[in-house]
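Okay, so here's the structure we're looking at.
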Amino acid sequence: MHPRTLAFLAEQGIDGSGLYSKSWEQLAEFRPDLVITVCDQAAGESCPLWFGQAVKAHWGLTDPSRLADDAAARRGFERLATLLSERIRGLLAAEAGQRTPEQLQDLINRLG
């Protein structure tokens, strides 16, 4: 994980000490119901086959850790955290787990 990301998480009171990037092999048994990619560069990447029947969506969001200026990166992290919080609250408020895959796909697309 990028040091700026870990620093921002720590400032928010989130312990990132055990976080790390995982390989596809480490997640071979993982069977998610929903997969949302968020990287502005991930839209063209294909999800592995093991995602199977998961509802898939893409919210192209800029990675603030890539910004050269520390102040700009900080503002970027703050905007990103706010945006993701709003979208996640929208999912929770809409009781996403109670929807059909088609309804969930529509909801995710509207939120993103």
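The values are calculated or read from the model by the stated rules, or taken from the named source; none is laboratory data. Here the structure is a predicted model, which means the values were calculated and not measured. Cβ placement follows ideal geometry from the backbone for every residue including glycine, while neighbour counts extend to all protein chains displayed.
The residue that is nearest to Pro64 (Cα to Cα), counting only those in the stretch 76-112 that are β-branched (Val, Ile, Thr) and without any contact (Cβ under 8 Å) to a residue 40 or more places away in the chain, is Thr82.
Each residue in the stretch 23-38 was checked for being among the hydrophobic types (A, V, I, L, M, F, W, C), modelled with pLDDT of 80 or more and part of a helix (DSSP H, G or I), and 1 pass.
Restricting the stretch 64-90 to residues that are at pLDDT below 90 and surrounded by 11 or more Cβ atoms within 10 Å (Cβ to Cβ), the residue that is farthest from His2 (Cα to Cα) is Leu67. Selection of the stretch 39-56 for residues being at pLDDT below 85, out of contact with any Asp or Glu (no Cβ under 8 Å at 6 or more places or on another chain) and not in a loop (DSSP other than H, G, I, E, B) yields Leu49, Trp50, Phe51.
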